[in-house]
1. May I ask you to verify whether ASP93 is part of a helix (DSSP H, G or I) and surrounded by 20 or more Cβ atoms within 10 Å (Cβ to Cβ)?
2. For PHE83, indicate whether it is more than 22 Å from GLU60 (Cα to Cα) and either of a type in the set (Phe, Trp, Tyr) or not in a loop (DSSP other than H, G, I, E, B) (or both).
3. For the stretch 128-139, how many residues are crowded, with 21+ Cβ neighbours inside 10 Å and among the charged types (D, E, K, R)?
4. So which of ASP254, ASP226, ASP198, ASP283 ends up being more than 19 Å from the chain's Cα centre (by Cα), of a type in the set (Asp, Glu) and closer than 21 Å to PHE119 by Cβ?
5. Just need a number here: residues in the stretch 53-76 that are under 29 Å from ALA206 (Cα atoms) and either without any contact (Cβ under 8 Å) to a residue 12 or more places away in the chain or among the basic types (Lys, Arg) (or both).
6. Of the residues ASP254, ASP283, only one is modelled with pLDDT under 95, surrounded by fewer than 15 Cβ atoms within 10 Å (Cβ to Cβ) and over 15 Å from VAL125 (Cα atoms); which?
7. I'd like to check something: does the stretch 96-111 contain any residue that is surrounded by fewer than 19 Cβ atoms within 10 Å (Cβ to Cβ), over 23 Å from LEU201 (Cβ atoms) and either in contact with a helix residue (DSSP H, G or I) (Cβ under 7 Å, 6 or more places away or on another chain) or among the hydroxyl-bearing types (Ser, Thr, Tyr) (or both)?
8. With the structure loaded, tell me whether THR249 is at pLDDT 95 or above, part of a helix (DSSP H, G or I) and of a type in the set (S, T, N, Q) or whether it fails that test.
Amino acid sequence: MGTRSRLRAALAAGTAALALAGCGVAEGADGSVADADSLVIGVKDNEPGLGSRGANGRYEGFDIDVARKVAEGLGVDAGNVTFKKVSSDQREDLLDEGAVDLVVASYSVTQQRKTEVTFAGPYYVAHQDILVRQSDAASVENVRDLAGKRLCRVDRSVSFTRVREERDVPVLSVPGADYADCVSKLAAGALDAVSTDDLILTGLAAKAAAAGSGPALRMVNAPISDEPYGIGLRKGDVEGCEAVNKAITGMYQDGTAAALLKKWFVPAGLEVTTTVPQFEGCD
């Protein structure tokens, strides 16, 4: 190879390396988060109690604290952790594109999602429940009572499908940009119920109550399903998955998980589980 050819090859290699670093992709030899010196973590910013942004712009919530603890377990300094806002319909794409290294965003593990993403955890098992206006609470005691009612549907979230298709309840679909939008529409009378994970509903209902505007909202307390919250990694990162599972286990063993659950959800009246969940496996 001539001098000019070698120079062009070196420049091309350098450009590719810079492009990879600019995407925030884990820099281990095999691209595993287990070898990363820095992490870009996808989180929600509109789910109070789980992932939201305070008045100072800082991310806060259970998922945020879990993400920080996992990063610490992976040996990544707090100063090298960057949070990136994600929505329910972006999570798989952002992982696949390498725009984020991990997703910690009320991300329920499902068989369909496991075809696209490698999941560590779960780090908690939530339960799908139903939120209604207090004035309608007497008429909605379980999922069957949603028949004929207007239920919020968030794109690429499995909650609506679980009610209408898996439980075969003939609900009417009302689109919502996210579950914060759904709860706003519920309070405004634009729909009759919101059904998703109890941790999400608890946080949003508490925020609505604190704001003091609109009608009172009530949790039905009729769990529909288990919702194992996993940490998403790029498909095939088994080494990273095992490292994240080790970090999750440590979080439960040292009492951090129990303290975080008490901090974010117990004051709102939710009964939480403080034992380490059964992991899904990293295949």
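1. no
2. no
3. The number of residues fulfilling the criteria is 1.
4. When all the criteria are applied, what remains is ASP283.
5. Going through the stretch 53-76 one residue at a time, the tally reaches 9.
6. Step by step, each of ASP254, ASP283 is checked, and only ASP283 is modelled with pLDDT under 95, surrounded by fewer than 15 Cβ atoms within 10 Å (Cβ to Cβ) and over 15 Å from VAL125 (Cα atoms).
7. For the stretch 96-111, residues surrounded by fewer than 19 Cβ atoms within 10 Å (Cβ to Cβ), over 23 Å from LEU201 (Cβ atoms) and either in contact with a helix residue (DSSP H, G or I) (Cβ under 7 Å, 6 or more places away or on another chain) or among the hydroxyl-bearing types (Ser, Thr, Tyr) (or both): absent.
8. Criteria met by THR249.
The values are calculated or read from the model by the stated rules, or taken from the named source; none is laboratory data. All values reported here derive from a predicted model rather than from experimental measurement. Note that each Cβ is placed from the backbone with ideal geometry, even for glycine, and that neighbours are counted across all protein chains shown.
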